[in-house]
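Asker: This is the structure I have questions about; it appears just below.
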Amino acid sequence: MPSETNIHSETARFISSMLRSNFGKGPASVYVTVKPPFFTAHIRGFIAPMEKILLRQKEYQRVLETRDLLMQDLKQEIILELWKTSALDVKQLYADWDLEKETGTIFGILQDGAGKEEDSFWPEELNKQEFIEGINRASILVQKKPGSTEAYWLNDRTILVRRKEILVPIEKELIRNGVIEDLKLSKRPLERRALKEVQLETILKRNISEYFVDWNFDKDEGFIVLILKKESGQEDRKQ
């Protein structure tokens, strides 16, 4: 089994190489966190040359749709290569992007992490239940209160939220009719605006620099990854 440092570095190296091979340009940096049952890769400085042209023409949706389709096509290859290079046994893989900040995240659920959610760390000085209630308020603004909401403090700058039973009837009908990509593209900005409205920063006593979202529509689950801003005196993280 590779060491934790090797897992992080090999995973970052593979993701950088994969993005470079498929987009023609790699990211400036990839910071990997592995905390079973989850892993995240925070990607910075990532916009391909052709995408820059499209963004200058305000074709944001086209860029996001292309990335979604490409990631969906590459999903099984990525899962296999993460196992080969880093011994990460990934069973579900997700991704989201912030085109304005040229950042993104690829994250997943690991096969061997069952049961470890209960042991997740949360800072004592922060009210976890208040944070979860804030997430639920954001969900109500755009759909409905989740059947359950779980929050995980992965490191000093990364929080992952898992919500279950979040879809409303019209969304379920759109999914049955195959209108999946349009639904994703519509829900992303709605959820981000809602998350900003419920004042999570006040609850966390930290500024949030990036909001990422993705879904497993088959399982009626939604995920949120929050990237917190560096605290004063905190070194910039690199991988």
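Asker: Please list, by residue number, everything in region 150-165 whose backbone N is under 17 Å from a paramagnetic label point 7 Å out along Cα→Cβ of Leu190.
Answerer: Residues 163-165 fall inside that zone.
Asker: Beyond a 27 Å Cα-Cα separation, which of these cross-linked pairs lie in this structure: Lys145/Lys230; Lys91/Lys196; Lys184/Lys230; Lys84/Lys229; Lys128/Lys196?
Answerer: In this structure, Lys145/Lys230; Lys91/Lys196; Lys184/Lys230; Lys84/Lys229 exceed 27 Å between Cα atoms.
Asker: Follow-up question, since we're still on this one. Looking at the square roots a ≥ b ≥ c of the eigenvalues of the Cα gyration tensor of region 73-195, which shape do they give, rounded for a/c under 1.5, prolate if a/b is larger than b/c, or oblate?
Answerer: Because a/c hits 1.5 or more and a/b fails to exceed b/c, region 73-195 counts as oblate.
Asker: Output the peptides 7-14, 62-69, 167-174 sorted from most to least packed, where packing is the average of other Cβ atoms within 10 Å over each peptide's residues.
Answerer: Ranking, from highest mean packing down: 7-14, 62-69, 167-174.
Asker: Moving on to the next point. Helix by helix through the chain, keep the DSSP H runs that span 20 Å or more along the axis on Cα and average at least 1.6 on Kyte-Doolittle, and give those back in order.
Answerer: Span-like helices, by this rule, are absent here.
Asker: What's the center-to-center distance, using Cα atoms, between region 34-72 and region 153-217 in Å?
Answerer: Centre-to-centre (Cα) distance: 16 Å.
Asker: Just to confirm a number: summing +1 for Lys and Arg and -1 for Asp and Glu over residues other than Lys101 whose beta-carbon lies under 11 angstrom from that of Lys101, what do you get?
Answerer: -3
Asker: Here is a follow-up. For the pair Asp89 and Gln129, how long in nm is the line joining their label points, each one 7 Å along Cα→Cβ?
Answerer: Spacing of the two 7 Å Cα→Cβ label points: 3.6 nm.
Asker: For the chain, what does -39500 (n - 2.57) per DSSP helix run (n ≥ 4), summed and divided by total residues, give at 222 nm, in deg cm²/dmol to the nearest 500?
Answerer: Mean residue ellipticity, 222 nm, calculated: -13500 deg cm²/dmol.
Asker: Could I ask something else about it? Please give the contour-minus-distance gain from Glu59 to Ile180: 0.36 nm per residue of separation, less the Cα-Cα distance, rounded to one decimal in nm.
Answerer: Full extension from Glu59 to Ile180 adds 41.6 nm.
Asker: Using only the Cα atoms of region 30-145, what semi-axes does the equivalent ellipsoid have when each is the square root of 5 times a gyration tensor eigenvalue? Give whole Å, largest first.
Answerer: Equivalent-ellipsoid dimensions as semi-axes: 28, 22, 13 Å.
Asker: Under the 0.36 nm per residue contour assumption, what length would be gained going from the current alpha-carbon distance of Glu150 and Gln199 to full extension?
Answerer: Gain in length upon complete extension: 15.8 nm.
Asker: Roll a 1.4 Å probe over the protein chains and send me the accessible area per residue for region 87-239 in Å².
Answerer: 49
Asker: Next question, about the same structure. Calculate, axis by axis, the spread of Cα positions in region 1-81 along the three principal axes, and write the results as whole Å, longest axis first.
Answerer: Principal extents (Cα only, largest first): 46, 24, 20 Å.
Asker: Can you figure out the FRET efficiency of Leu69 with Leu141, using R₀ = 35 Å and their beta-carbon distance, to the nearest 0.05?
Answerer: Efficiency, from the Cβ-Cβ distance: 0.80.
Asker: Moving to a separate point now. How much of the accessible area of region 11-126, in percent, comes from carbon and sulfur atoms when a 1.4 Å probe is used?
Answerer: 48
Asker: Consider just the alpha-carbon atoms of the chain and return their Rg together with their Dmax, both in angstrom.
Answerer: Radius of gyration, then largest Cα-Cα span, for the chain: 17.4, 51 Å.
The values are calculated or read from the model by the stated rules, or taken from the named source; none is laboratory data. All values reported here derive from a predicted model rather than from experimental measurement. Cβ atoms come from the backbone with ideal geometry, glycine included; neighbour counts cover every protein chain shown. Surface areas here come from the heavy atoms of the whole protein model, side chains and all, with no ligands, DNA or RNA. Shrake-Rupley method; radii C 1.70, N 1.55, O 1.52, S 1.80 Å.
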